[in-house]
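> Attaching a single structure in structure tokens format; questions to follow.
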Amino acid sequence: MALGVSVEELLSRPRSDCLLIFADQVISQSRSQGQVKVFKLLPDKLKGIEIDRVEFEPEAVIGGHSHLPGTKEYMTVIKGEVVVHVAGETYSIKRGDVFAFPGDQAHSYRNPKRSPSIAISVVIPVPAHT
């Protein structure tokens, strides 16, 4: 054994850092009396970072929670439409649109449609400028 590594370890295949999570094993949360389902797409615990698929039942409403100071949230709709209320303004995000907003402010989401809507939400802490 040289440098603390065995010959077997040197000759063996490298260990994979890959992780496949099957659809039925993705962690999810039911919110707003079951009207909204949030699928946690980031299996690693990274402080302040979230990637979620959000499925809204028809006309569902859900309150967002304020994230860490300086956080940005990005949302894209992949089916239907989602209305986001933040900083006293209301924004309608349609399929394919990307909406960026300050995630550290109070916000809420609403599906204005009579059919389900699906969106992807990405929350990232943005370092303060010095």
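> Which one of these is surrounded by 14 or more Cβ atoms within 10 Å (Cβ to Cβ) and more than 17 Å from the chain's Cα centre (by Cα): PRO102, PRO112?
It is PRO112.
> I'd like the full set of residues that are crowded, with 16+ Cβ neighbours inside 10 Å and either of a type in the set (Val, Ile, Thr) or more than 15 Å from the chain's Cα centre (by Cα) (or both), limited to the stretch 87-99.
Across the stretch 87-99, the qualifying residue is only ILE93.
> Additional query: Is at least one residue of the stretch 31-42 at negative phi and exposed (fewer than 13 other Cβ atoms within 10 Å of the Cβ)?
Looking for residues that are at negative phi and exposed (fewer than 13 other Cβ atoms within 10 Å of the Cβ), one finds none in the stretch 31-42, hence no.
> Give the stretch 24-52 a look and list any residue that's more than 19 Å from LYS72 (Cβ to Cβ) and of a type in the set (Val, Ile, Thr), or say none.
Of everything in the stretch 24-52, those that are more than 19 Å from LYS72 (Cβ to Cβ) and of a type in the set (Val, Ile, Thr) turn out to be VAL26, ILE27, VAL36.
> While we're here: Filter the stretch 32-73 for residues that are closer than 17 Å to ASN111 by Cβ and of a type in the set (Lys, Arg) and give the result.
Selection gives LYS37, ARG53.
> Can you tell me which of PRO58, PRO69, PRO127 is assigned to a loop (DSSP other than H, G, I, E, B), at pLDDT 95 or above and either among the polar types (S, T, N, Q) or more than 21 Å from ILE21 (Cβ to Cβ) (or both)?
PRO58
> Okay, moving on. Out of the stretch 49-86, which residues are surrounded by fewer than 15 Cβ atoms within 10 Å (Cβ to Cβ) and under 18 Å from PRO125 (Cα atoms)?
HIS65, SER66, LEU68, PRO69
> For the stretch 73-124, name all the residues that are among the charged types (D, E, K, R), closer than 17 Å to GLY63 by Cβ and in a strand (DSSP E or B).
GLU73, GLU89, ARG110
The values are calculated or read from the model by the stated rules, or taken from the named source; none is laboratory data. Note that this is a predicted model, so its numbers are computed, not measured. All Cβ positions, glycine included, derive from the backbone under ideal geometry; neighbour counts span all protein chains shown.
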